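Quick notes on the structure that follows.
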Amino acid sequence: EMQSEASRTLKVCSLQYKPVYKDIDESSQIADKLLSGFSDQDEFDVILLPEMAFTGYTFDDKEDIEPYLEEATGGKTFEW
């Protein structure tokens, strides 16, 4: 079989860690530290993070999570 010139390897990095509940700054620093173990030459195409990687999972109600909601075009997690 002939391989297309357009085909290539997709480089994926998967980070697994426990977010610090309701602490976006600390959780993003954990992700940054994990990524710092790689060099610029690794050039990942995709970085996979845990679900709700920067806020943690459990919120009591809408008002509890409201301070952590962001617009799709900006915010701490968007900028990360």
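Please go through (1) assigned to a helix (DSSP H, G or I); (2) surrounded by 11 or more Cβ atoms within 10 Å (Cβ to Cβ) for Pro67 and return the number of the only condition it doesn't satisfy.
Unmet for Pro67, out of (1) assigned to a helix (DSSP H, G or I); (2) surrounded by 11 or more Cβ atoms within 10 Å (Cβ to Cβ): (2).
When you look at Phe54, is it without any contact (Cβ under 8 Å) to a residue 40 or more places away in the chain, in contact with a strand residue (DSSP E or B) (Cβ under 9 Å, 6 or more places away or on another chain) and in a loop (DSSP other than H, G, I, E, B), yes or no?
Here the answer is no, as Phe54 does not meet what is asked.
Residue-by-condition table, conditions (1) open to solvent by less than 90 Å² (accessible area, probe 1.4 Å); (2) without any contact (Cβ under 8 Å) to a residue 60 or more places away in the chain; (3) touching a Ser or Thr at 6+ places or on another chain (Cβ under 9 Å); (4) among the small types (Gly, Ala, Ser):
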site: Lys11; (1), (2), (3), (4): yes, yes, no, no
site: Lys22; (1), (2), (3), (4): yes, yes, yes, no
site: Asp32; (1), (2), (3), (4): yes, yes, no, no
site: Asp40; (1), (2), (3), (4): no, yes, no, no
site: Thr58; (1), (2), (3), (4): no, yes, no, no
site: Glu63; (1), (2), (3), (4): no, yes, no, no
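Counting only residues that are closer than 17 Å to Ala31 by Cα and touching a helix residue (DSSP H, G or I) at 6+ places or on another chain (Cβ under 8 Å), how many does segment 63-80 have?
So the count comes out to 3.
So, in segment 40-62, how many residues would count as being closer than 18 Å to Ser28 by Cα and of a type in the set (D, E, K, R)?
1
The values are calculated or read from the model by the stated rules, or taken from the named source; none is laboratory data. Since the model is a prediction, treat every value here as computed from it, not as a measurement. Note: ideal-geometry Cβ built from the backbone for every residue, glycine included; neighbour counts use all protein chains shown. Ligands, DNA and RNA are stripped out before the accessible areas are found, and what is left, the full protein with its side chains, is counted by its heavy atoms. Shrake-Rupley method; radii C 1.70, N 1.55, O 1.52, S 1.80 Å.
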